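Heads up: the structure comes next, in structure tokens.
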Amino acid sequence: MSAILTLSRVSLSLNGQHILRDVSFDVAEGEVIGVIGPNGSGKTTLFNVLSGFLKPTSGTVRFRDQDITNLAPARRAQCGIGRVFQNFGIFREMTLEENVLVALEALPREQRRALGNLNDLVRGTLNMVGLLDRAREKAGSLSGGQMRLLEIARTLRSGKSLFLLDEPTAGVSPKMTSQVADLIRELKAEGKTVLIVEHDLPFISRICDRVIVLDVGEIVLRGTPKEVKGERKLQEIYFGADPTD
Ligand SMILES: Nc1ncnc2c1ncn2[C@@H]1O[C@H](COP(=O)(O)OP(=O)(O)O)[C@@H](O)[C@H]1O
Ligand SMILES: [Mg+2]
């Protein structure tokens, strides 16, 4: 299996504080990787390093055959790295279909062509998250959860090959959470690669091939969801000392 993403000893200090320390891992194309860890353990910072919003103090990030450590966010997006922001890019005054369309039209022409007919794609995207019947309504009329789902679906349909999802289901209903899980499974079936931060461990276990556990900026555990769940260390970092001791 060829690695689509390789982190080698990535460290990041901000204001003299170590936020990430010697983070190294490989992600194979088509894998779904869960990144978990307590609040403040560096998960969002790691995603910022991967999407280019923060530069590591040391270490390298490779995407396919390219060293992208110093590449700006827009350039990484062009390389095929997609990040889902929390309702960041939804235009409330535009209709749902227009919202999907602007995202697709922002793609380089070659990528856009590869996606086929844009109208079909827009309708398919909305259908995927159960919002097709509201295609002509303004996005501002959606609930917070629906807006999140639209944002996720739109990014996931953008022709990228690696997706970074930071707590995509935070604050959304259980029904929508399972829709997000379905979307991710569908992406995996298409050979896409996904890194996802989530607090919901059962959710992570259902969709992820492997899990990376961060604590105070370091990887302290890694393995399949099953392997990681059985580790006492996981209890320790989430709940302090092992209560069975
Ligand atoms: N811009 C920043 N400047 C200084 N410290 C930061 C900054 N962003 C995050 N941190 C610190 O980095 C650590 C990791 O934060 P974060 O990556 O948001 O954790 P997580 O997403 O796992 O909850 C925290 O201690 C946080 O206070
Ligand atoms: Mg975070």
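The values are calculated or read from the model by the stated rules, or taken from the named source; none is laboratory data. Here the structure is a predicted model, which means the values were calculated and not measured. Every residue, glycine among them, receives a Cβ derived from its backbone with ideal geometry; neighbour counts consider all protein chains shown. These accessible areas exclude ligands, DNA and RNA; they are computed on the full protein's heavy atoms, side chains included. Shrake-Rupley method; radii C 1.70, N 1.55, O 1.52, S 1.80 Å.
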**Study point:** Förster radius 45 Å - calculated FRET efficiency between Ser2 and Met94 (Cβ-Cβ, nearest 0.05)
**Key:** 0.70
**Study point:** Approximate spin-label separation Asp182-Ala28, in nm, with each point projected 7 Å along Cα-to-Cβ
**Key:** 2.8 nm
Revision key, fill the gap. Scan of the chain for trypsin sites (Lys or Arg not before Pro) in DSSP loops with at most 13 other beta-carbon atoms within 10 Å gives a longest site-free stretch of 137-245
Check your understanding: How about the range 119-217: which GluC sites (Glu not before Pro) there are in a DSSP loop, with at most 11 other Cβ atoms within 10 Å of their Cβ?
Key -> Glu190
Practice item. With no solvent and one equal point scatterer per Cα, compute the Debye intensity ratio I(q)/I(0) for the range 89-160 at 0.14, 0.19 Å⁻¹ and report its log10, rounded to two decimals. Key: -0.36, -0.66
Check your understanding: How large, in percent, is the carbon and sulfur part of the accessible surface of the chain at a probe radius of 1.4 Å?
Key -> 49 percent
Study note, to complete from the structure: Rounded to the nearest 10 degrees, the helix 118-128 long axis (Cα) sits at an angle to the longest Cα principal axis of the chain of 60 degrees
Exercise for review: Could you tell me how many degrees, from 0 to 90 and to the nearest 10, lie between the Cα long axis of helix 144-156 and the main elongation axis, the longest principal axis, of the Cα atoms of the chain?
Suggested key: 90 degrees
Study note, to complete from the structure: For Val102 and Glu137, extending 7 Å from Cα along the Cα-Cβ vector and measuring point to point gives, in nm, a value of 1.9 nm
Practice item. Express in whole angstrom the spacing between the alpha-carbon centres of the range 180-245 and the range 21-61. Key: 14 Å
**Study point:** Distance in nm between pseudo-label sites at Lys226 and Asn39 (7 Å out along the Cβ direction from Cα)
**Key:** 3.4 nm
Point to revise | Average accessible area per residue (Å²) across the range 89-160 - probe 1.4 Å, nucleic acids and ligands excluded | key: 49 Å²
